[in-house]
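Encoded as structure tokens, the structure appears first; notes follow it.
The values are calculated or read from the model by the stated rules, or taken from the named source; none is laboratory data. No experiment lies behind these values; they were computed from the predicted model shown. A quick note on method: Cβ atoms are made from the backbone with ideal geometry, for glycine too, and the neighbour counts reach across all protein chains shown. We work out accessible area using only protein heavy atoms, side chains counted, and drop any ligands, DNA or RNA first. Shrake-Rupley method; radii C 1.70, N 1.55, O 1.52, S 1.80 Å.
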Amino acid sequence: MKKRFINFFALLLIIVANTDGFAQKLITKTGTIKFQATVPSYEEVAAENKSVSAVLEQSTGDFAALVLIKGFRFKVALMEEHFNENYMESEKFSKATLKGKIENFDSSKITNTPQNFTLKGDLTIHGKTKPVIVTVKISKAANGVNAVGSFEVKPEDYDIEIPGLVRKKIADKIKISYNFLLIK
């Protein structure tokens, strides 16, 4: 798992090094992704990962994010264990990625007021890739930009099996929220 992450990050660095100037790339290794799958009247099903890597090529709007599945933290340790072993199979499917393009991205027009952009790309979870369209709110930040938003996924779209015993305790649609401070 670490080797895959190192290879992915090395590839990102090679891409950065082989383009016209580092200033066009904005990067984070401390992005945050939260997910919420709670159903009313049942125990909270939610987790957060605070070490998400992402890169934005300002000149083209190309975007990529990588999250290690084992980095999600739950309030209940047993829930975290079940998430990794039974649902996400994180030994086999160690990461999730989002690769795409932010449409009509123009870094010179980014202000302190968040603006909505559309990111079209491919989301890979649990070894399965599906096209997605995600709204991203982008605003100016010191030495870069803030990119925040949320979207929903269905576990069955990514071949994630939820056993019948707990099916009613987990939402049909999982809300994923993200927050990236991307800097030079």
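For the chain, what is the accessible area per residue in Å², given a 1.4 Å probe and the full set of protein chains?
Details: 10680 Å² over 184 residues.
With all protein chains present, the chain gives 58 Å² per residue.
Compare the peptides 112-119, 31-38 by average per-residue count of other Cβ atoms within 10 angstrom and give them in order, highest first. Don't skip to the end; give the middle numbers.
Numbers: 112-119: 14.1, 31-38: 19.1.
Highest-to-lowest ranking by the protection proxy: 31-38, 112-119.
Once ligands and nucleic acids are excluded and a 1.4 Å probe is used, how much of Lys175 is accessible, expressed in Å² to the nearest 10?
About 90 Å², ignoring ligands and nucleic acids.
What figure in square angstrom, to the nearest 10, would you give for the accessible area of His82 with a 1.4 Å probe?
Rounded to the nearest 10, the figure is 70 Å².
As a test of understanding, state the convex hull volume per residue of the chain from its alpha carbons, in Å³.
Dividing the Cα hull volume of the chain by its residue count gives 116 Å³.
Going toward the positive end of the dipole of segment 44-130, with +1 on Lys and Arg Cβ and -1 on Asp and Glu Cβ, which of Leu68, Thr111, Phe83 do you reach last?
Selected residue: Thr111.
Could you size up the charge dipole of segment 43-184 around its Cα centre, putting +1 on the beta carbon of Lys and Arg and -1 on that of Asp and Glu, and report it in debye to the nearest 20? The partial results should precede the final answer.
Values: 21 positive and 19 negative charges, 86 e Å.
Magnitude of the dipole: close to 420 debye.
Greater than 19 Å separation of Cα atoms is the criterion. Which listed pairs, Lys29/Lys175; Lys75/Lys128; Lys95/Lys128; Lys95/Lys137, meet it? Mind showing how you got there, number by number?
Numbers: Lys29/Lys175 22 Å; Lys75/Lys128 27 Å; Lys95/Lys128 11 Å; Lys95/Lys137 24 Å.
Cα-Cα > 19 Å for Lys29/Lys175; Lys75/Lys128; Lys95/Lys137; rest within.
Test of understanding: extend the Cα→C-beta vector of Val76 to 7 Å, then name every residue of segment 34-51 with backbone N under 17 Å from that spot.
So the set is 35-48.
What aspartates and glutamates does Lys140 reach when the alpha-carbon gap must be under 20 Å and sequence neighbours fewer than 8 apart in one chain are set aside?
Those aspartates and glutamates meeting the cut-off are Glu57, Asp62, Glu103, Asp106.
Kindly state, to the nearest 0.05, the FRET efficiency for Lys92 paired with Leu165, given R0 = 25 Å and r defined as their beta-carbon distance. Before the final figure, lay out the partial values.
Values: r = 22 Å, r/R0 = 0.89.
The calculated FRET efficiency here is 0.65.
How much FRET efficiency would the formula 1/(1 + (r/R0)^6) give for Ser107 and Glu156, where r is the Cβ-Cβ distance and R0 is 30 Å, rounded to 0.05?
Working: r = 38 Å, r/R0 = 1.25.
About 0.20, to the nearest 0.05.
Treat segment 118-167 as a sphere of radius equal to its Kirkwood radius over Cα pairs and apply Stokes-Einstein at 20 °C in a medium of 1.002 mPa s; give the translational diffusion coefficient in µm²/s, rounded to a whole number. All intermediate terms of the calculation are to be shown ahead of the outcome.
Details: Rh = 13.2 Å.
Rounded, D is 162 µm²/s.
Keeping the other protein chains in place, figure out the carbon and sulfur percent of the accessible area of the chain, with a 1.4 Å probe. Before the final figure, lay out each step's value.
On the way: 5730 of 10680 Å².
The C+S portion of the solvent-accessible surface of the chain is 54 percent.
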